[in-house]
Each structure stands twice: as structure tokens, then as C-alpha cells.
Amino acid sequence: NIFLTPADQSMIRAEQITLQEGNFPWQLIIVLDCADLSRVGVMQEENADLFYALPIVNIDHHAGNDYFGKVNLVDMTATATAEILVSLLESLGREKTLLDEDVATDLLTGIISDTGSFQNSNTTPKSFTVAAQLVASGARQQEIIRQLFKTKSLSTLRIWGKALANLQDEREYRFAWSSVNEEEIKSAGALPEETSGVIDELIKSASDVDFVLLLSDRNGSVHGSLRASQRNFDVSKIAEAFGGGGHPAAASFEMPNSSLATTQSDIIRQVKQQQPKQLTSERPVDQRTQIDQK
């Protein structure tokens, strides 16, 4: 009940009072794992007024975060946003634990995904500590591994085969790259998003390079994914040159309204310009090659 009691009762009449719903039924927006609001995509574009009117809590671990939130919880030392959420849920759940088996499984999935099951160079001692804590809380680690790494559709395997067959070695510039165009994606019966996992397979196989680049046609745009194979190499700098970003070890970019047919050669040329040419004799010998020769 709302009571209005003006000093002069004649100043207000019942017919002057109307009721209407507020603009939005929500009070808060929480944005996870996004360096800037453009990463929210269609949700932000179609609800611009919503994002303008409501306070935003920004939780992220990317070095290039824009700090666009009313509250910004950004930890650049964390390997994954899920790692930050573990500490947050611990603080919020002092009276009653919030880390049940399902929540722990979700958060461990985020950490395993971002670290490539602890194979990527961004893995830290804290990654293992938090992962152990989540397993102790009931996280189903083997189920995560099975779903992320051991379960692939035939269409995914076919498109991965295309990407591996198209692999190019830019030996003088110390990087390898591949591409999958729209026609190849369609012929494999795959979705554009199914190319995402192959970049991690490429980086496991490519030796003696600084990074690997995968280009793909994706819904009227060209998508580029980069992974560093050397701990001291920052692929986010390359992504930034194309309007993208990410981590030193993993980054991406998007070129809207374009296709590989018209942009691929220009992209590779620009990457070479950023990557100084190396003399073959200056490159360290691959230890596996030494073993094979012996």
C-alpha cells in the first residue's frame, strides 16, 4: 500500500493517479568473460536501452578489459573467469555453501576449457589448486574430459580434416596457418562454430613455430583464431591489429562483411609484416628432429 498525504487534500484527486509498469523487470546485468560489451553480441545490440539503464557487474580475466561495468571484478592473473567465480561464490556462500556438484562441474569445465586441460601455457599453480578444490567439491572431471575432448560429431571430424589438409608452414616467419572456407564447411555438413576446436589440435602438432593461425568463414564474416606455442609470444597483439583481442596465449578477431576469398591473402600479408622474417639458420633445432637423426 502506498499512502499519499499532501498537506492540502484538495491538491490531489483519484483520477490524477495512474499506474504503469517500469521499463524493465530486472535490476542488474552480470556480464562474464567479455573484454568489452561488443562481445555480448546480439543481446547487447537488441537491448541497448537495457544495458544503458541498468547497472552492470563486469567479471572477466582478459588483459584488454574496458572496465565497462558499474562494478568491475577483473583479475588478469586468473586463467579463466570460472576461476574468479570460485572465490566469489566462496565469499557469498559463507552461511551456506554454493559449490554443489553441478556448480563445481560447471566451473571446472570453464577452467579446463581455457587451459586446454592444463596443457596451455596460461596454466598457473593456482589453476591446479582451484581445480583440486572443485574436484573435492564434487566436480565430475572425467565427464568434462569426455564431453570436451573425447566426443566429436562426424561433421566436426570432417571439418577438422579439411583444416589439417590446408595447413601452411610459413617457416621463415615462424608461424603456421590454415583456413576453412564456406564451401568446405558446407561440404562437411558442419556449422562454422565447429572449426573452433581444431586450433588447439594444430598447436599441439605444430613444432618450432611461435604461433598458429586458423581462418574461417563464419556467418558472413572472417573469423581468426590465434594460439601461441611460445610462452613469451603475445598473439593478442596480432589480433588487435585486426580489431580483435584476447590473451597473450590465445586471441581472436572478426572481420565483418567479408570472406576468405577476398581477405585471406591480405590477412597473411599483414601477419607477416608484424612477424619479422627469420633466417632458417637462426631457428633452434627441434629436439625431436635431433632424436630422430640419432
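The values are calculated or read from the model by the stated rules, or taken from the named source; none is laboratory data. Just so you know, these numbers come straight off a predicted model, no measurement behind them. Methodologically, a virtual Cβ is constructed for each residue, glycine included, from the backbone with ideal geometry; neighbour enumeration extends over all protein chains shown. Remember, those area values only see protein heavy atoms, side chains included, never the ligands or the DNA or RNA. Shrake-Rupley method; radii C 1.70, N 1.55, O 1.52, S 1.80 Å.
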Legend entry - Residues (open to solvent by less than 50 Å² (accessible area, probe 1.4 Å), of a type in the set (S, T, N, Q), outside any helix (DSSP H, G or I) and touching a residue at least 40 places away in the same chain (Cβ under 8 Å)) located in segment 110-136: N120, S121, N122, T123, T124
Inset, instruction - Select from segment 172-196 the residues that are open to solvent by 40 Å² or more (accessible area, probe 1.4 Å), in a helix (DSSP H, G or I) and not acidic (D, E) and list them in ascending order. - result: Y173, K186, S187
Inset, instruction - Could you give me the residue pairs with C-beta distances under 6 Å whose first residue belongs to segment 246-275 and is open to solvent by 40 Å² or more (accessible area, probe 1.4 Å), whose second residue is among the aromatic types (F, W, Y) wherever it lies, and which are 6+ apart or on separate chains? - result: K272/Y173
Legend entry - Selection status of A239, modelled with pLDDT under 90 and surrounded by 16 or more Cβ atoms within 10 Å (Cβ to Cβ): no
Legend entry - Answer residue from segment 5-27, given it is part of a loop (DSSP other than H, G, I, E, B) and open to solvent by less than 100 Å² (accessible area, probe 1.4 Å) and is nearest to P55 (Cα to Cα) among those: F24
Legend entry - Among residues of segment 202-220, those that are on the phi < 0 side of the Ramachandran plot and surrounded by fewer than 17 Cβ atoms within 10 Å (Cβ to Cβ), counted: 3
Inset, instruction - Residue by residue through segment 82-107, note down the ones that are under 22 Å from I199 (Cβ atoms) and open to solvent by less than 10 Å² (accessible area, probe 1.4 Å). - result: E83
Inset, instruction - Scan segment 45-67 for residues that are surrounded by fewer than 14 Cβ atoms within 10 Å (Cβ to Cβ) and at pLDDT 90 or above and report the count. - result: 2
Legend entry - Failed item in (1) over 17 Å from the mean Cα position of the chain (by Cα); (2) open to solvent by 20 Å² or more (accessible area, probe 1.4 Å); (3) closer than 27 Å to N257 by Cβ, with D169 passing the rest: (3)
